[in-house]
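I have placed the structure first, in the form of structure tokens, so that the comments after it can refer back to it.
The values are calculated or read from the model by the stated rules, or taken from the named source; none is laboratory data. Here the structure is a predicted model, which means the values were calculated and not measured. Methodologically, a virtual Cβ is constructed for each residue, glycine included, from the backbone with ideal geometry; neighbour enumeration extends over all protein chains shown. When the accessible area is computed, the model is the full protein with side chains, heavy atoms only, and any ligands, DNA or RNA have been set aside. Shrake-Rupley method; radii C 1.70, N 1.55, O 1.52, S 1.80 Å.
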Amino acid sequence: MAEVEELRWSSPRATFAGAGRQISEALGRDPQSTDLLARHPFDVEIARIAPGATPYPYHSHSMQWEFYHVIAGSGEVRDAGGTTPIAAGDAFLFKPGEPHQLRNSGTTDLVLFVVADNPIGESTHFPDSDKWVVRSPERRAIRSEPLDYFDGEE
């Protein structure tokens, strides 16, 4: 799928950066649809992380499963247990609630095959900044103190 355009992203200060080919969307997936046939049951991406780069903050998903297979390069995965080296041929899985982060600690591009189920209503937690991203009714990053269920309702 080399003809699929590579999308690149970077945080405002370039702390986080990466690139990826959205394979499922090239095959007709509509990520905004609530129709499961149009949405597809999973999302496939070929991700590329440049040497020294980290594509996203340390985070966990409320409902999403993510499968990774390293196609080329080397790097490391941070999870609740620490940091683990990864290299071409390695595969790993994160289930909902397991925080994780990738980093290319090698000298060539780290290329990964990524499969995620992207469930509707998914939220993301960022343990390092104690922030949440919620997608209902719209995608928004928030911080909140624990509240009683009826707080502000009576």
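Which residues, taken from the range 106-141, are small (Gly, Ala, Ser), at pLDDT 90 or above and not in a loop (DSSP other than H, G, I, E, B)?
Within the range 106-141, just Ala116 meets the criteria.
Being closer than 19 Å to Lys131 by Cβ and basic (Lys, Arg): is that true of Arg21 here?
In short, no.
Checking Tyr56 against (1) of a type outside the set (Lys, Arg); (2) within 30 Å of Glu145 (Cα to Cα); (3) open to solvent by less than 40 Å² (accessible area, probe 1.4 Å); (4) not in a strand (DSSP E or B), which single condition isn't satisfied?
(3)
Name the single residue that is least open to solvent (accessible area, probe 1.4 Å) among those in the range 33-46 being assigned to a loop (DSSP other than H, G, I, E, B) and under 26 Å from Ala2 (Cβ atoms).
His40
Consider only pairs whose beta carbons are under 7 Å apart and that are at least six residues apart or on different chains; among these, list those whose first residue lies in the range 4-33 and is farther than 25 Å from Glu138 by Cβ and whose second residue is open to solvent by 90 Å² or more (accessible area, probe 1.4 Å) and of a type outside the set (A, V, I, L, M, F, W, C).
Ala19/Arg8
Any residue in the range 80-97 that's at pLDDT 95 or above and part of a strand (DSSP E or B): show its pairings with residues that are of a type in the set (Ser, Thr, Tyr) and surrounded by 12 or more Cβ atoms within 10 Å (Cβ to Cβ) at Cβ separation under 6 Å, as long as the two are six or more apart or on different chains.
Close Cβ pairs satisfying both conditions: Ala87/Ser74; Phe92/Tyr68.
So which of Ser136, Ser144, Ser105 ends up being free of Cβ contacts under 8 Å to residues at least 60 places away in the same chain, open to solvent by 30 Å² or more (accessible area, probe 1.4 Å) and either among the acidic types (Asp, Glu) or within 18 Å of Ala19 (Cα to Cα) (or both)?
Ser105
Might you check whether a residue that is surrounded by 14 or more Cβ atoms within 10 Å (Cβ to Cβ) and of a type in the set (S, T, N, Q) occurs anywhere in the range 82-90?
No, the range 82-90 contains no residue that is surrounded by 14 or more Cβ atoms within 10 Å (Cβ to Cβ) and of a type in the set (S, T, N, Q).
Within the range 19-32, restricting attention to residues that are in a helix (DSSP H, G or I) and not hydrophobic (A, V, I, L, M, F, W, C), which residue is surrounded by the fewest Cβ atoms within 10 Å (Cβ to Cβ)?
Out of the qualifying residues, it is Glu25.
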